[in-house]
1. Can you give the Rg/Rh ratio of the range B:122-203, where Rg is from the C-alpha atoms and Rh is the Kirkwood radius?
2. Rounded if a/c is under 1.5, else prolate if a/b is larger than b/c, else oblate: which is the range B:213-257, with a ≥ b ≥ c the root eigenvalues of its Cα gyration tensor?
3. What shape does the range B:110-257 have by the C-alpha gyration tensor, where a ≥ b ≥ c are the square roots of the eigenvalues, rounded means a/c under 1.5, and otherwise prolate means a/b greater than b/c and oblate the rest?
């Protein structure tokens, strides 16, 4: 955290270097320490082009296409006529797991995840901690009930199924962790296209001192990244690649995660 | 997390209700699902006043005055002439704890914190997990080395000393957790003035199902909140109560924490 200063001081030398010299006015598009299209910019063509190239480069450098978000305000018992047999069975299983309030809290989630993990002998993991599960619940909790309803849980479950496949695919020797090109490939296979700086930061935060990321951290990282991409997209209503938030919104978004 | 939708749908009914009817044009200041002053707004006086009242209400509702941030780019061996004996001793202790690279990583931090906690019998706690310590390091890591240098560590340490005093003060019976008015009082005593919605969210995320927050979660929460307030302030260069970030900046700020 606290890259605020680093960002302001233009620490993204990677992007700067990539663009440096390419366009005469490219530097001017850097503005406030990041790329991004600027509205109402100056008349200088180079500056405008620089701004657009910055935006394209930035947009190209950091991408993710999430699954459609969980629909909100659907009562658990809403059964869609076209619902597949698989989803119907999942809904029944959820009803058993969730208990009387039909919502899954962090403690329930931890039990569910660890029960399932214990059956996957090829996934070497110590299991998920309550702390991780609290974070996951907050990240997935669109309607801020403090627990996951069926749709929220289904969204999470579909992602975790996909990501555990990716993890196994990139860890064929079952070492229990991903490192270097394995990790890079796995993040990409999971749909996340990151620039070099962001990738290094993720390794610093979620991998161990040897740069190896275990399954728990892989899932924690991806759940968070998925949620943060979606939050940004939801707030970027004019799709200009920038969002504006107040202190209250900022704290709500960053603390409840 | 994922309050982005809730924010957009104007879920902050508390603020809306407080202002509703107070001003004819107050509603217009709501804009994009949050308060905050709008530049270049419409000519309607009510709307402008509404916007200003929103801003004042919002600013008043969410406040924190952090300690001065750790100075950057100071080499560990920089010794200030006016440094007190206490700080000098702390520097020497840090040198012993930090090892040859003079930086404290998550594993070191975990050992340090748990060693010290074991001496505080009046603080009932299971100790800090590696996961929590990784988050703390990221939040405090201003220069993105992946570890804490002396100044970063000192800043964190001064806060934790202050906050453990607050925790003990509000848990006189040594139950090991804070709840209800104890928790509310403790957050305020630690310097955090939060509106009702934010407070409820924090309880949902960091307290257990009975609304009780233990020491580890109290510290995790405050470290994060301190960092997020500071990040916002650093980015809000025109001090208008709003910040604008690109996807890259957003991910850097939210993932490295």
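Read-outs: derived from the displayed coordinates by stated rules, not from any lab. Keep in mind it's a predicted model, so treat the numbers as computed, not measured.
1. Ratio of gyration radius to Kirkwood radius: 1.01.
2. oblate
3. Oblate shape, in that a/c is at least 1.5 and b/c is the bigger or equal ratio.
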